[in-house]
Amino acid sequence: MLCEIDYQAPGDLLKDRIILVTGAGDGIGRTAAKTFAAHGATVILVGRTIKKLEEVYDEIEEAGGAQPAIIPMNFETATYKDYGEMAELLEKEFGRLDGILHNAGILGSITPVEAYNPQVWEQVMQVNFNSALLMTQAMLSLLQNSKDASLLFTSSSVGRKGRAFWGAYSISKFATEGLVEILADEQENLSNVRVNSINPGATRTAMRQLAYPGENPAHLRTPADIMPTYLYLMGPDSKHVNGQKYNAQPPKEEAAQESDAL
Ligand code: NDP
C-alpha cells in the first residue's frame, strides 16, 4: 500500500487552489481544512454544525489564510438538487474546483450483520457513500475546469478487508473504493481530474473514541501527524497518481496498535 508519511510540503504547495473539504468542522476534516489553508488554499468548509465551521473559519483567518467559504449541509438529508445548487453557487463564485476531500463520515453500530438495524444501515450508507457520490456527480464539471484537480475519498482498513461486526461502515468504505476505481478509470486520459483513496489509519478523533472507548487516545497519532499524505495527494506532486489506494500511516505501525480497524 502506498504512503507518503515523510512528504515535506512547501509552504505554498496549494497556493491559489480552491479546495472543498467535507466534515470540515471536526476531527481529521477540521485539521485538513486548516492545513490546506496554511499551504495557500482557499478552502470551502462543508459540514452540518455551523458553529464548528465558523470556528474553523475564524482560526483560518486568524492564521492569515485566504478567506474561506462555509456551506452548511447535512449529508443525511441533502438531495441531488441541493448538490446542484451548491455547484451553481461555486461556479458563480470560483468557476472551478481544484480539489475535494470527501471526509465526512459516521460509524453506525458495531453489530453482526444479522442483527444490524436497517435504518442505521441506511443512514451510514447515506452519509458515508451516497452523499459523496451525489456531490461528486454535481461537482465533476467544476473539477474538470481545473488544470490539476484532485478528488480524494476517505476509506478505511475495513474498506479494503472485511471484518466481523463492522457492517454498514465497512460496506460504505468498500463502495467508496469501488467508486474510486470506476471514476479513476473514467477520468484517465479524459480530464485533469485524478481520483484516489486515503485510509487515515487509527487517528485520535471522536469517531475513533466511539469505536474504541477503552483505548488510550494518547497512544494514537493526531490528525496533524497524518497530514503529509493528505498534502501530497492534494498538491501538484501527485498530478499523475490516479486510481491508487493510500495509507496516511505506515501499515506496520498501525497494525502494532491495539487494533487497526476503522
Ligand atoms: P469525526 O467523527 O471526528 O468527524 C466526522 C466529521 O463528519 C465531523 O465534522 C461531522 O460533523 C461530519 N459529519 C458526520 N455526519 C454528518 C452529516 N450527516 N452531514 C454532514 N457532516 C457530517 O471523524 P474522523 O475525523 O475520525 O473521521 C473522518 C473520516 O476518516 C471518516 O470518513 C472516517 O470514516 C475516516 N476514518 C477515520 C479513522 C480514525 O481513526 N479516526 C480511521 C479510518 C477512517 P459534526 O462535527 O457536525 O458532527
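Condition check ((1) out of contact with any Lys or Arg (no Cβ under 7 Å at 6 or more places or on another chain); (2) touching a residue at least 12 places away in the same chain (Cβ under 8 Å)) across all residues:
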| position | (1), (2) |
| --- | --- |
| Ala38 | yes, yes |
| Asn74 | no, yes |
| Asp82 | yes, no |
| Ala87 | yes, yes |
| Gly105 | yes, yes |
| Pro118 | yes, no |
| Met125 | yes, yes |
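Scanning the stretch 156-186 for residues that are away from the ligand (no atom under 15 Å from the Cβ) and among the hydrophobic types (A, V, I, L, M, F, W, C) yields Ala164, Phe165, Ile182, Leu183, Ala184.
Applying the set (1) buried (at least 23 other Cβ atoms within 10 Å of the Cβ); (2) within 15 Å of the ligand (Cβ to nearest atom) to Ser150 leaves exactly one unmet item: (2).
Counting the residues of the stretch 28-53 that are surrounded by fewer than 22 Cβ atoms within 10 Å (Cβ to Cβ) and within 6 Å of the ligand (Cβ to nearest atom) gives 3. Report yes if Glu59 is over 25 Å from Val195 (Cβ atoms), more than 9 Å from the ligand (Cβ to nearest atom) and surrounded by fewer than 20 Cβ atoms within 10 Å (Cβ to Cβ), otherwise no. In short, yes.
Taking Ala78 and the conditions (1) within 16 Å of the ligand (Cβ to nearest atom); (2) crowded, with 18+ Cβ neighbours inside 10 Å; (3) among the aliphatic types (A, V, I, L, M); (4) closer than 23 Å to Tyr230 by Cα, which numbered condition does it fall short on, given that it satisfies the others? Every condition holds for Ala78 apart from (4).
Within the stretch 76-85, none of the residues are closer than 29 Å to Tyr212 by Cα and of a type in the set (Phe, Trp, Tyr). Residues that are outside any helix (DSSP H, G or I) and either over 16 Å from the mean Cα position of the chain (by Cα) or without any contact (Cβ under 8 Å) to a residue 12 or more places away in the chain (or both) within the stretch 205-223 comprise Tyr212, Pro213, Gly214, Glu215, Asn216, Leu220, Arg221, listed in sequence order. Within the stretch 81-90, being charged (D, E, K, R) and within 13 Å of the ligand (Cβ to nearest atom) holds for one residue alone: Asp82.
Results for (1) modelled with pLDDT under 95; (2) farther than 30 Å from Thr42 by Cβ; (3) not hydrophobic (A, V, I, L, M, F, W, C), shown as yes or no for each residue.
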residue	(1), (2), (3)
Thr111	no, yes, yes
Gln123	no, yes, yes
Lys147	no, no, yes
Thr154	no, no, yes
Lys161	no, yes, yes
Ala168	no, yes, no
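Where strands (runs of 3 or more DSSP E) sit wholly within the stretch 58-174, those with at least 3 residues that are not β-branched (Val, Ile, Thr) occupy 99-102, 149-154.
The values are calculated or read from the model by the stated rules, or taken from the named source; none is laboratory data. Not measured: the values here are computed from a predicted model. No Cβ is skipped: glycine too gets one built from the backbone with ideal geometry, and neighbour counts run over all protein chains shown.
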